[in-house]
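The values are calculated or read from the model by the stated rules, or taken from the named source; none is laboratory data. Computed from a predicted model, the values in this text were never measured in an experiment. Neighbour counts run over all protein chains shown; Cβ positions are idealised from the backbone, glycine included. These accessible areas exclude ligands, DNA and RNA; they are computed on the full protein's heavy atoms, side chains included. Shrake-Rupley method; radii C 1.70, N 1.55, O 1.52, S 1.80 Å.
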Amino acid sequence: MAADVHFWPLPLGAGSALAPPDPRPGLRRLVEAAGFGGAAARAGRWLLKAPVPAPGRPAAAPAEWIDAVGAALIGPASLPGSARLQVTDTLSISTRGLDSPAALRAVALARGFGVAGALPFVVGDDPDGPPPWPVAGGPDGHALAGVLAGVAGVVVLAPLRPHPHLGVAGAVATLGLDLADRASRLALHRGIRPQVDTPLCAGCGSCLDVCLYDAIVIRGGRALIDHRLCTGCGECMGVCFMAGIAPEAAAGVVAYQQAVAEAAAATSRQVVVGQAQGILHIVLLVQPDSYATTTKSRRRLPLAGIGILAGLDPVAVDSAALDLLAERLGGPLNQWSGYAQGPGELLERAALLGLGMREYRLREV
Ligand code: SF4
Ligand code: SF4
């Protein structure tokens, strides 16, 4: 048994560029190959989850790419401005400017999301919007962004990116983390207790600058983390040029990975109930360097673009993504991401929970 994963490779001759000049035809072909062409025009409300870029940072997925996916989902009969298909993102737990509904909306608008003629944009877990949607069978108290309740279809678009507690994050991490409401994401991170390796610390203050919770101070030329304020978001770990911040104990990271896998599996089960189609997962392997920049991380996946993957099985999509990266790198991914965690560990846990399968058939579009 193997799951189909659709793959749009970079067109010949574009491999030396960081990104193809225009991936929109590839995105459209992937939506159609996965059987979602025109699906959002049929009935009910559809959501397209896409990452709004952090203020002042390059976009991993510019708004015009998102609208191209939307146009393929709606099909030729309707305009992209259809209210039946909304673009959504959830509040950040770690990035200034993306952590409140008003700020996220303003940044989204400034980056071309929800502007006139484009797909409408909605904050997924706006406290003034629909209440969080509790998930059955996930981590205790886990709830999804309220905007997901009652949707007829969901498409999740995410770049493959470095992640401090998972090594590399793709479709499974996005499902488990980014469709949840902000409080649930904070709860998932609670067990991560980052510690500064004091002899390594150069006192540069970069970690302090990115901490949204003012949990870091510099004392005696060294950083100190106040765990009463720290949420475990991991942002400080990504910016330390000395790699001087790491979780206090491996057990916390293992528990986190298990919880993310459980959240992803429970989310998938709950969202697809009553839907004609499952969730379509689209993973970008076209601008990993730019995405690393968007997360403020100093960790880099030093890759030229590879292509874009899409499929209904998030474990299979991520497995294909990791294999394509490993093939390009010729070595283990975690040596490039800079994090100790092997990126396959989350996928093994997710497969054991029945979210999907590690075996896949790559189908070029
Ligand atoms: S100390 Fe680090 S992990 Fe803790 S809240 Fe601040 S940035 Fe996040
Ligand atoms: S970023 Fe690293 S080196 Fe700089 S102050 Fe923080 S822990 Fe120290």
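Note on residue 248 and residue 2: with the Förster distance fixed at 35 Å, the Cβ-Cβ geometry gives a FRET efficiency of about 0.35. Atom-type composition of the exposed protein surface of the range 194-247 places 55 percent of the accessible area on carbon and sulfur (1.4 angstrom probe). The value of relative contact order for the chain, using C-alpha pairs under 8 Å at least six residues apart, is 24 percent. Cys residues of the chain that find no other Cys beta carbon under 4.7 Å: 201, 204, 211, 230, 233, 240.
With a simple spin-label model that places each label point 7 Å from the Cα along the Cα-to-Cβ direction, the separation between residue 277 and residue 41 comes to 1.3 nm.
Rank by packing, highest mean first: peptides 185-195, 242-252, with packing defined as the count of other Cβ atoms within 10 Å averaged across residues.
Working: 185-195: 19.3, 242-252: 16.5.
Ranked by mean Cβ neighbours within 10 Å, highest first: 185-195, 242-252.
Each Lys and Arg Cβ is given +1 and each Asp and Glu Cβ -1; about its Cα centre, the range 194-247 then shows a dipole of about 140 debye. Excluding ligands, DNA and RNA, the accessible surface per residue across the range 152-290 is 34 Å² with a 1.4 Å probe.
Each label point was placed 7 Å from the Cα along the Cα-to-Cβ direction; for residue 218 and residue 186 their separation is 2.8 nm.
If you stretched the chain out fully between residue 96 and residue 226, how much longer would it get, using 0.36 nm times the residue separation minus the C-alpha to C-alpha distance? Spell out each step's value before the answer.
Working: separation 130, 0.36 × 130 = 46.80 nm, distance 1.94 nm.
44.9 nm is the gain from fully extending residue 96 to residue 226.
Taking only complete DSSP H runs, can you tell me which helices of the chain stretch 30 Å or more along their own long axis by Cα positions and average at least 0.0 on the Kyte-Doolittle scale? Length and hydropathy pass: 250-272.
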